[in-house]
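Just below is one structure, and these are the notes that go with it.
The values are calculated or read from the model by the stated rules, or taken from the named source; none is laboratory data. Here the structure is a predicted model, which is why all the values come from computation and not from measurement. Here the Cβ is made from the backbone with ideal geometry for all residues, glycine too, and neighbour counts use every protein chain on show. When the accessible area is computed, the model is the full protein with side chains, heavy atoms only, and any ligands, DNA or RNA have been set aside. Shrake-Rupley method; radii C 1.70, N 1.55, O 1.52, S 1.80 Å.
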Amino acid sequence: QVQLVESGGGLVQPGGSLRLSCAASRSIFSMGWYRQAPGKQREPVARITNGGRTVYADSVKGRFTISKDNAKNTVYLQMSSLKPEDTAVYYCNALWYQLDYWGQGTQVTVSS
């Protein structure tokens, strides 16, 4: 079993920045972030492996940075140049023994 605890969401103005954190209860090779806006399907945002390999959705490339502290089993999502269309509930994801585990979700709202 894997428990994921997220933090860091909130309200930010367009062009602003936020950092999300997700702490896992054990070491996970592959962790990532997804988001779900109202009325839309959950979509992948970014992913990182223990080796530091990263993958980003086209919509966030150049604006978001995913990183991982393997010693703390924690993954971060640094979000910059935020846009109103980034507004969503952001979920941490861990892939462990081919099973998906999810955090509780944290709301990010980009609005003036």
Practice task
Determine the pairs where a residue that is over 22 Å from F29 (Cα atoms), located within segment 52-68, has a partner that is modelled with pLDDT of 95 or more with Cβ atoms under 6 Å apart, the partner being 6 or more residues away or on another chain.
Solution key: V60/V45; R63/S80; R63/S81
Fill in the blank from the handout: A careful count of residues in segment 47-71 that are closer than 15 Å to A23 by Cα and part of a strand (DSSP E or B) gives 7
Exercise for the section: Identify all residues within segment 1-54 that are exposed (fewer than 13 other Cβ atoms within 10 Å of the Cβ), aliphatic (A, V, I, L, M) and more than 19 Å from Q104 (Cβ to Cβ); write none if there are none. Expected result: none
Practice task
State yes or no: is A71 free of Cβ contacts under 8 Å to residues at least 24 places away in the same chain, aliphatic (A, V, I, L, M) and open to solvent by 30 Å² or more (accessible area, probe 1.4 Å)?
Solution key: yes
